[in-house]
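Everything on this sheet refers to the single structure shown next.
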Amino acid sequence: MAYKAPVGQIDFILTHVVPFGDLAATQMFAEATSDTASAILAEAGKMASAVLAPLNRAGDLTPARLENGAVRSSPGYAEGFRAIADGGWIGVAANPEHGGMGLPQSLNMAVSEMMAGACLALQLNPLLTQGQIEALEHHASDDLKALYLPKLISGEWSGTMNLTEPGAGSDVGALVSKAVPNGDGTYSVTGQKIFITWGDSDVTENTCHLVLARLPDGAKGTRGISLFMVPKFIPDAAGKPGIGNSLKVVSLEEKLGIHGSPTCVMSFDGATGWLVGAEHKGMAAMFTMMNVARLGVGMQGVGVAEAALQQAVAYATDRNQMGPIIAHPDVRRMLATARAEVFAARAIGLACATAIDLDRATGDAEHAARAAFLTPIAKAYGTDVGCRVADTGVQVHGGMGYVEETGAAQYLRDVRITPIYEGTNGIQAMDLVGRKLSDGGDAAMRLLDEVLDGAKAAQADLPDLAHQLWQGAETLREATQALLDRDLTVRFAGAVPFLTAFARVLGAHYHLRAARAGGAQHLALARVFMARVLPRNAGDLAEALAGLDDLTGIDDAALAGEFGA
Ligand SMILES: Cc1cc2nc3c(=O)[nH]c(=O)nc-3n(C[C@H](O)[C@H](O)[C@H](O)COP(=O)(O)OP(=O)(O)OC[C@H]3O[C@@H](n4cnc5c(N)ncnc54)[C@H](O)[C@@H]3O)c2cc1C
């Protein structure tokens, strides 16, 4: 069945569940009225459904390939990318000074979700380009901004992000790529990078690499890393792609999914680069890029979950086995639980985006703290839901889910990367219980206060749901306090289940808001979430607080299945 962009569902969340409405009252986002938002969502939704979704299968069947050192993209991708660029969808949140729309990230993330649901492999290109735009806007010199931003925003050029090396994955500080000053303001960049998404393409006339490398006097670890703009073609005096730079695509990875997205091994051999931000401050600049990309990846999970679920519901409606399978309690359980989780993940992602916007528009530190706290949750929960729902989609299809012709299997293969890249979900969870609790739990407790207020407000009209939410939030508050009292290494052992439990309480909170603002269907969905999803917190919080001793108590040999005598 054809993907239909969930314009109405997103519009409802922006209107009734997250404080998107507050943005139009700020000077920065005065144009982000609900009418503008609806018009943008409708237009982007049309493009995603009509232009991008039909390309999804083609990319899977005909992967991007390397020919004479250049990437040839999947059939139709060039036209699809042009539709994204011409619609202005790369620059939704970019500065109007350089051709962007200057709209809130909340709208950008909503558009990203729809494009990812339609065609994840292609959407990765604008996602990374947007991250690069963000990093340049905040950290690049005026000259670099003037040269690169208009081209990236218009989609004439695209952007990549080069962190990973064979010996430096989660531990970015271990990277060995080098940069040496040329004495004329440029640098010579040398090194190998792996897993570089859209490291080359024929959908744009230039590919601009942001590369992390170490200067000769750079300290070890992350503090000694600098960031460089290294274009495939060095712009000439007129700003057009000029001579080729000393870099190449060595090979493309063969992957489980997202076959339409070229994942490149890159080699930089004394390539000319320009410093972005200050020397040795590359990680700060890269974090700007990664923060937006992290939330964007969370929304990728939501997008694919939506697409997979739409297809599962359509299949369950048509398929008869002792009646339509959609009527069987177990199939209904799978579909209803999936729908409830998709709503929760989408609401968390959009709440995070709105907090980012409110921080930018008001400079209020509370919004900044909230955005920072929600980012790892939105990334990890959104992508976990993506995998869970795509898996459910396969199960609902029965045997037809395991064969490729329905497309259910492709969703599962494609979305499986999302909990891994942009910082694995394990690393996200460690960020949550480490850095994001380093304020003594202030940001966490403020969020929980808001949840408890929400439960209180709902007591009169929906007492049962309000009670379930109240209990869930109180239990989580106690667990958060208990975690705060532990050493970091002990906290890390429970980080992933803690993050998931936090996401569920937030999800329940947004469900209750929706139930109060919406009709009977939202109420029914909230009941599903409270009855079937929130109770899983009991298990997860028990694990979050289980400590470390049991894990260190089992040795490596036993893990390998060798138990000796
Ligand atoms: C399709 C694809 C596209 C990608 N695109 C890009 C890109 O465009 N640019 C780019 O720079 N990179 C990209 N990556 C790389 C990606 O971001 C990394 O794969 C990811 O960060 C994990 O690093 P790693 O693969 O080295 O795994 P590792 O770091 O080796 O991790 C392996 C496992 O160990 C865990 N782990 C590692 N360290 C710790 C720790 N300290 N504590 C607890 N657990 C830990 C991880 O959570 C994971 O489960 C891409 C990867 C793929 C597969």
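This table checks each residue for (1) at pLDDT below 95; (2) farther than 30 Å from GLY99 by Cα; (3) within 25 Å of the chain's Cα centre (by Cα); (4) β-branched (Val, Ile, Thr).
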residue: LEU124; (1), (2), (3), (4): no, no, yes, no
residue: PRO150; (1), (2), (3), (4): no, no, yes, no
residue: GLY159; (1), (2), (3), (4): no, no, yes, no
residue: VAL172; (1), (2), (3), (4): yes, yes, yes, yes
residue: ILE196; (1), (2), (3), (4): no, no, yes, yes
Can you find, within segment 64-96, the residue that is surrounded by the fewest Cβ atoms within 10 Å (Cβ to Cβ) among those that are more than 16 Å from ALA37 (Cα to Cα) and without any contact (Cβ under 8 Å) to a residue 40 or more places away in the chain? ASN68
Taking segment 203-236 and keeping residues more than 21 Å from LEU147 (Cα to Cα) and assigned to a loop (DSSP other than H, G, I, E, B) leaves LEU215, PRO216, ASP217, GLY218, ALA219, LYS220, GLY221
Scan of segment 411-458 for residues that are within 24 Å of GLY296 (Cα to Cα), more than 10 Å from the ligand (Cβ to nearest atom) and among the aliphatic types (A, V, I, L, M), ordered by number: LEU412, VAL415, LEU432, VAL433, LEU437, ALA443, ALA444, LEU447
Close pairs (9 angstrom Cβ cut-off, 6 or more residues apart or separate chains): among the basic types (Lys, Arg) in segment 245-265, more than 14 Å from the ligand (Cβ to nearest atom) and in a loop (DSSP other than H, G, I, E, B) anywhere: LYS248/GLY69
What single numbered condition from (1) without any contact (Cβ under 8 Å) to a residue 40 or more places away in the chain; (2) surrounded by 14 or more Cβ atoms within 10 Å (Cβ to Cβ); (3) within 16 Å of the ligand (Cβ to nearest atom) fails to hold for ILE234? (3)
How many residues of segment 249-292 are within 11 Å of the ligand (Cβ to nearest atom) and either part of a loop (DSSP other than H, G, I, E, B) or out of contact with any Phe, Trp or Tyr (no Cβ under 9 Å at 6 or more places or on another chain) (or both)? The answer is 14
Sort through GLY218, GLY199, GLY169 and tell me the only one that's in contact with a His (Cβ under 9 Å, 6 or more places away or on another chain) and under 16 Å from VAL265 (Cα atoms). GLY199
Go through (1) under 28 Å from LEU66 (Cα atoms); (2) under 20 Å from the mean Cα position of the chain (by Cα) for MET266 and report which single condition fails. (2)
Counting only residues that are surrounded by 21 or more Cβ atoms within 10 Å (Cβ to Cβ) and under 25 Å from GLN428 (Cα atoms), which one in segment 178-196 is nearest to the ligand (Cβ to nearest atom)? ILE196
Can you tell me which residue within segment 150-173, out of those that are within 11 Å of the ligand (Cβ to nearest atom), in contact (Cβ under 8 Å) with a residue 60 or more places away in the chain and of a type outside the set (Gly, Ala, Ser), is surrounded by the fewest Cβ atoms within 10 Å (Cβ to Cβ)? VAL172
Is at least one residue of segment 301-318 more than 16 Å from HIS397 (Cβ to Cβ), assigned to a helix (DSSP H, G or I) and within 16 Å of the ligand (Cβ to nearest atom)? yes
Given the condition surrounded by fewer than 22 Cβ atoms within 10 Å (Cβ to Cβ) and either modelled with pLDDT of 95 or more or on the phi < 0 side of the Ramachandran plot (or both), answer yes or no: does some residue in segment 296-310 qualify? yes
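Residue by residue, here is whether (1) on the phi > 0 side of the Ramachandran plot; (2) in a loop (DSSP other than H, G, I, E, B); (3) in contact with a Cys (Cβ under 8 Å, 6 or more places away or on another chain); (4) not polar (S, T, N, Q) holds:
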{"site": "THR354", "(1), (2), (3), (4)": "no, no, no, no"}
{"site": "CYS387", "(1), (2), (3), (4)": "no, no, no, yes"}
{"site": "THR392", "(1), (2), (3), (4)": "no, no, no, no"}
{"site": "THR418", "(1), (2), (3), (4)": "no, yes, yes, no"}
{"site": "GLU422", "(1), (2), (3), (4)": "yes, yes, no, yes"}
{"site": "LEU447", "(1), (2), (3), (4)": "no, no, no, yes"}
{"site": "LEU452", "(1), (2), (3), (4)": "no, no, no, yes"}
Looking only at segment 45-75, count how many residues are farther than 20 Å from LEU128 by Cα and in a loop (DSSP other than H, G, I, E, B). 4
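The values are calculated or read from the model by the stated rules, or taken from the named source; none is laboratory data. Computed from a prediction, not measured in an experiment: that's the story for all the values here. Glycine also receives a Cβ, built like all others from the backbone with ideal geometry; neighbour counts cover every protein chain displayed.
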